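Below is one structure, written out as structure tokens, with a few remarks after it.
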Amino acid sequence: QYRPGVLADCVCTPGTECKDIIANAGVAAVASTIFVRIALGTLLERFGPVNVQSGLMTFGAFWVAMAAAITAPWNYTLIRFFIGCAGATFVTNQFWCSLMFSPNVVGTANATAAGWGNLGGGVTQIFMISVLFNPMVSSGMPANTAWRVAMIVPAVLFLICAATMKLLCWDTPTAKRFDVSVTGKTQKPSLWDYVVVLKDIRVIVMIFQYSACFGTELAMNNQLATHFRTYFQMDAADASALAGAFGLMNLFARSLGGITSDILFKYVGFRGRIWAQFLALFFEAVFLFCFGMVDSSQPWYVALAVLICFSLFVQMAEGTSYGIVPFMNKQQLAVVSALVGAGGNLGAVIAGFCFYKPINDPLLPFQVHAGYVMFWALLSPCYYWREHGGMFHGPAVDKTSVDKTSVDKTPEPAGKKPQAAESTETTV
């Protein structure tokens, strides 16, 4: 089935050395983000969202520019590792949005911001090839020079964004710099906060559910272009366009997940957010398995159609996650956001090492990965809070005290009717 007119002399199919190099670099990129995202739980509380975000983007700009100097597998992997650190900006994004928006729309706000952020993944797949690389080659520039010059463009955009953010943005709507008292926290940030948060089984489940949605998206970003290129025998521009379609769904799909979570919350209470999370993960697993069943004897557009449905539910699951995270532990919002965000990258590492790298089959890894997603989807009943309720239960009727993690510590007057959970929250 090899088509020498379409594919290069070296084809990075499973079992080849270049396939292993690409896989190892992809794992290195997401692994570095895990550690930085976890660290941000404390850094955000100490330095505030603006300083952390602009610092990360400046750091990322340097290493994106350095990608133009790649000469060997070792420095390719090393530079991918450092570029991956910039992926921790997601945690800042989610923490920042949770400070800025009220509880009834926080799911939509977080999902839209995150979705448009990851929209860059789909746009980049197309932009770097079709807008930068191909025109440079067509104008007579050698291909080896063209891709190196193209890497300078995103580096410059990183610096522009970082400078604009530092000069113009505030940490909260009412204060230029963040203070932990905004979230109701009374003690200084410490590493012990991570231990406190990780004692909560609900946080553990959310970490791995996020690994099953955002981790899956990262894994697809690493796999799809090569999958379409080699398995369906497509040229580079077409393969990157199809792979980019997966990321382009972020234009609306994450927002749709957040909107769904907020609407169900409005009409059926907090259990609506949990059901939205479960259904999104469930159908993500179904369509990921279906994508793994589309073989090369079928036209590429069949794989694309299934991929679009799969992408819709992947990103909806991310959006529904953002509707739950701000309510899990309000005093430890930064640490919860950091750990859940790191869980997404952990999912990509798990997928890379356990499913895609060791299995030398073009379709089986997708099917096995679908089983991983389904397993975590089925643990949604673990979510239960006395003040919010759970998947099958409403809030406790005999509520006698205000949530210990709530920002508002004022006790209710005797005889006063218990209020809905959102009424005890303060909005910046």
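Things to note:
- Which numbered condition Ser337 misses (of (1) hydroxyl-bearing (Ser, Thr, Tyr); (2) open to solvent by 30 Å² or more (accessible area, probe 1.4 Å); (3) touching a Pro at 6+ places or on another chain (Cβ under 9 Å)): (2)
- Checked against (1) open to solvent by less than 30 Å² (accessible area, probe 1.4 Å); (2) free of Cβ contacts under 8 Å to residues at least 40 places away in the same chain; (3) closer than 24 Å to Gly319 by Cα, Gly269 meets all criteria but (2).
- Segment 176-194 residues that are more than 20 Å from Met100 (Cα to Cα) and touching a residue at least 60 places away in the same chain (Cβ under 8 Å), paired with ones that are among the β-branched types (Val, Ile, Thr) and open to solvent by less than 80 Å² (accessible area, probe 1.4 Å) (beta carbon under 8 Å, 6 or more apart): Pro189/Thr42; Pro189/Val180; Ser190/Thr42; Leu191/Thr42; Asp193/Thr42; Asp193/Val335; Tyr194/Ile38; Tyr194/Val335
- The number of residues in segment 161-188 being of a type in the set (Gly, Ala, Ser) and more than 15 Å from Ala334 (Cα to Cα) comes to 3.
- Residues that are of a type in the set (Val, Ile, Thr) and touching a residue at least 24 places away in the same chain (Cβ under 8 Å), drawn from segment 109-167: Thr112, Val123, Thr124, Ile126, Ile129, Val149, Ile152, Val156
- Candidates Pro365, Pro358 - the one that is part of a helix (DSSP H, G or I) and of a type outside the set (A, V, I, L, M, F, W, C): Pro365
- Residue count for segment 230-256, restricted to those that are closer than 15 Å to Tyr356 by Cβ and either open to solvent by 10 Å² or more (accessible area, probe 1.4 Å) or within 13 Å of the chain's Cα centre (by Cα) (or both): 2
- Of the helices (runs of 4 or more DSSP H) lying entirely inside segment 188-300, those containing at least 3 residues that are farther than 30 Å from Cys18 by Cα span 192-198, 201-226, 253-268, 270-291.
- Residue match in segment 115-125 (condition: open to solvent by less than 60 Å² (accessible area, probe 1.4 Å) and closer than 17 Å to Met66 by Cβ): no
- Verdict on Tyr210 being open to solvent by less than 10 Å² (accessible area, probe 1.4 Å), modelled with pLDDT of 80 or more and either touching a Pro at 6+ places or on another chain (Cβ under 8 Å) or not hydrophobic (A, V, I, L, M, F, W, C) (or both): yes
- Yes/no for Gly215 being among the small types (Gly, Ala, Ser) and in contact with a Gly (Cβ under 9 Å, 6 or more places away or on another chain): yes
- Filtered by the rule that a residue be among the β-branched types (Val, Ile, Thr) and not in a helix (DSSP H, G or I), segment 301-355 gives no residues.
- Residues within segment 43-66 that are within 18 Å of Lys185 (Cα to Cα), open to solvent by 20 Å² or more (accessible area, probe 1.4 Å) and not basic (Lys, Arg), tallied: 2
- Candidate set: segment 151-182, residues that are small (Gly, Ala, Ser) and modelled with pLDDT of 90 or more; chosen: the one most open to solvent (accessible area, probe 1.4 Å): Ala163
- Among the residues of segment 75-103, the ones that are more than 14 Å from Thr33 (Cβ to Cβ), assigned to a helix (DSSP H, G or I), of a type outside the set (Ser, Thr, Tyr) and open to solvent by 30 Å² or more (accessible area, probe 1.4 Å) come to 3 in all.
- Considering residues of segment 183-203 that are open to solvent by 50 Å² or more (accessible area, probe 1.4 Å) and among the aliphatic types (A, V, I, L, M) only, the residue farthest from Leu43 (Cα to Cα): Ile201
- Some residue of segment 292-307 being aromatic (Phe, Trp, Tyr) and open to solvent by less than 10 Å² (accessible area, probe 1.4 Å): no
The values are calculated or read from the model by the stated rules, or taken from the named source; none is laboratory data. On a predicted model such as this, the values are computed, not experimentally measured, just so you know. Here the Cβ is made from the backbone with ideal geometry for all residues, glycine too, and neighbour counts use every protein chain on show. All accessible areas refer to the heavy atoms of the entire protein, side chains included, with ligands and DNA or RNA removed. Shrake-Rupley method; radii C 1.70, N 1.55, O 1.52, S 1.80 Å.
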